[in-house]
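Have a look at the structure below before the remarks.
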Amino acid sequence: MTAPITNIAAPRMMLVGGGTVGQIAEVLKKFSLRAPLVVSDKFMVSSGLIARVLDPLKAAGIEAAVFSDTVPEPVDTIIENGVAVLRGGRYDCLIGFGGGSPIDTAKAMAVLAAGGGKMRDYKVPAQADRADLPVIAIPTTAGTGSECTRFTVITDHERDEKMLISGLGALPLAAIVDYELTYTVPPRTTADTGIDSFTHALEAYISRRANPFSDALALAAMGLIGTHLRTAYHEPRNAAAREGMMLGATQAGLAFSNASVALVHGMSRPIGAHFHVPHGLSNAMLLPAITRFSVAAAPERYAAAARQGRFADQADDDAVACARLVEGLVALNRELKVPTPAEFGIDAAAWEAKLPLMAEQALASGSPNNNPRVPSAAEIVALYREVWRGEGGNA
Ligand SMILES: NC(=O)c1ccc[n+]([C@@H]2O[C@H](COP(=O)([O-])OP(=O)(O)OC[C@H]3O[C@@H](n4cnc5c(N)ncnc54)[C@H](O)[C@@H]3O)[C@@H](O)[C@H]2O)c1
Ligand SMILES: [Fe+2]
């Protein structure tokens, strides 16, 4: 059978490996860039981690300005502030340094500065193909994969909507993927960001828009994450585990950027927007229940994912492998102490009241249409209720 024609996009350059952040000045020079604005967050500055990028720049004679007012799960108003800072100086590139939030902020600043207007003007199905200046992305979590995706996710603060913005304007020019930056990530964030990465790989693999290019990367990522996530969570200084997770997160990013995500991400964004649950954590809350809902529509794919991710044995047939995937995701949530929505502190009545709107927003994002089993709004509401009851296994 001939594979479908696919449109593949990736950064022009990716430096991958321990210590590569020290080469930031060389990366800028390759592209004749010399006036960066570093987009980061308060923690990177207060912890001193920001020196890992500023020191090598300084040594090369490049004085970088820093915009560190980003917030976790970025909102449109912060992007507007960032664009004002950008306009106030003479910068030729942005360096997104941090987790997915600062990287997404840098990417959204580049998109908004190019076309003006409001951030919501760029949400899907619009195409955000233009950027005012290039972004070099340096992730410090493993992670969102944002360093190599054509997406940025920004909350519309007036509508409580986490918007997916997609296009070449949001794709970094270059990425530096240095796992040594992740040693300080605390266990909770290691778990949340690691499950986010696994979800990217799994959703890219079961997506209706999967293709041979994304499949290879998704399978490789599931192997790495299945092998290393628990160790990275329990032993933060374990170099092999941190390296495996970082590589897996980036591979997963390349996979889903070229195949899209599906129902978990579609239903996750509204939880983040309305209840301020970190992105990876809302994915983790949803993952067992949505996988159980979806497996029968693509058993061969889910079974291959289960074997690759070390949830099932090579000898297990598809039905057994699918069952073990669902059980394994439940067990993973227990081991990584993923709370239920109630344990996270969400009010039952507030959750119930928002479900119709959340279902509508999930469907409007388009991601559920990539799922092997495409749900109705009523089925999405039922899934949210199941997750609330903890039947996903995270009780
Ligand atoms: N653009 C994409 O393709 C894409 C994909 C998935 C998720 N996202 C978005 O990314 C955001 C989440 O990013 P995230 O999960 O990386 O979290 P984050 O960037 O919000 O960071 C979470 C916390 O971890 C801290 N942190 C980051 N690196 C650290 C380090 N090395 N040591 C200690 N602490 C560190 C941060 O300061 C912050 O407090 C969400 O907004 C989500 O929607 C984007
Ligand atoms: Fe994600």
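The values are calculated or read from the model by the stated rules, or taken from the named source; none is laboratory data. As the structure is a prediction and not an experimental result, all values here were calculated from the model. Please note: Cβ atoms are built from the backbone with ideal geometry, for glycine as well, and neighbour counts cover all protein chains shown. Accessible surface is based on the protein model in full, side chains and every heavy atom, while ligands, DNA and RNA are left aside. Shrake-Rupley method; radii C 1.70, N 1.55, O 1.52, S 1.80 Å.
When DSSP beta bridges are restricted to pairs lying wholly in the chain, around 25% turn out antiparallel.
Of the Cα atoms belonging to the range 128-171, the radius of gyration and Dmax stand at 11.6, 30 Å. I'd like the distance between the alpha-carbon centres of the range 21-38 and the range 115-135, rounded to an integer number of Å. For the range 21-38 versus the range 115-135, the Cα centre distance is 24 Å. The distance between label points at ASP55 and GLN314 comes to 4.4 nm (points 7 Å beyond Cα on the Cα→Cβ vector). Of all segments of the chain bounded by GluC sites (Glu not before Pro) found in a DSSP loop with no more than 16 other C-beta atoms within 10 Å, the longest spans 159-390.
Per the Debye formula with a single identical scatterer at each Cα and no solvent contribution, what log10 I(q)/I(0) holds for the range 23-90 at q = 0.17, 0.24, 0.27, 0.29 Å⁻¹? With no solvent term, the Cα-only Debye profile gives -0.68, -1.10, -1.19, -1.23. Positive contributions from Lys and Arg (+1) and negative ones from Asp and Glu (-1), summed over other residues with Cβ under 11 Å from the Cβ of ILE138, come out at -1.
Plugging the Kirkwood radius over Cα pairs into Stokes-Einstein for the range 244-329, at a temperature of 10 °C and a viscosity of 1.306 mPa s, what D comes out in µm²/s? Provide the component values of the computation, followed by the final result.
Numbers: Rh = 13.9 Å.
Calculated translational D: 114 µm²/s.
The helix-based estimate of mean residue ellipticity at 222 nm for the chain, built from -39,500 (n - 2.57) per DSSP H run of four or more residues and divided by its residue count, is -16500 deg cm²/dmol to the nearest 500. Listed by chain and number, the aspartates and glutamates placed with their C-alpha closer than 14 angstrom to that of LYS162 are GLU73, ASP76, ASP104, ASP121, GLU360; residues fewer than eight positions away on the same chain are left out. Based on protein heavy atoms only, the chain ends up with 38 Å² per residue of surface accessible to a 1.4 Å probe.
The calculated pair-distance distribution of the chain uses every alpha carbon pair, bins of 10 angstrom beginning at 0, and gives 5, 25, 35, 25, 9, 1, 0 percent.
Working note: Cα gyration tensor of the range 49-149, eigenvalues times five, square-rooted, sorted largest first, giving semi-axes of 22, 16, 12 Å.
Computed over neighbours whose Cβ is under 11 Å from that of GLU158, the net charge equals -1, Lys and Arg +1, Asp and Glu -1. With a simple spin-label model that places each label point 7 Å from the Cα along the Cα-to-Cβ direction, the separation between GLU327 and ALA240 comes to 2.7 nm. Considering only alpha-carbon pairs that sit under 8 angstrom and 6 or more positions apart, the relative contact order computed for the chain is 15 percent. Rg/Rh for the range 113-229 stands at 0.99; both radii use Cα atoms, and Rh follows the Kirkwood definition.
Whenever you get a sec, compute what percent of the accessible area on the range 153-302 sits on carbon and sulfur atoms (1.4 Å probe).
The C+S portion of the solvent-accessible surface of the range 153-302 is 56 percent.
Place a label point 7 angstrom from the Cα of VAL374 along the Cα-to-Cβ direction, then list the residues of the range 111-131 whose backbone nitrogen is under 17 Å away. Label zone hits: 125.
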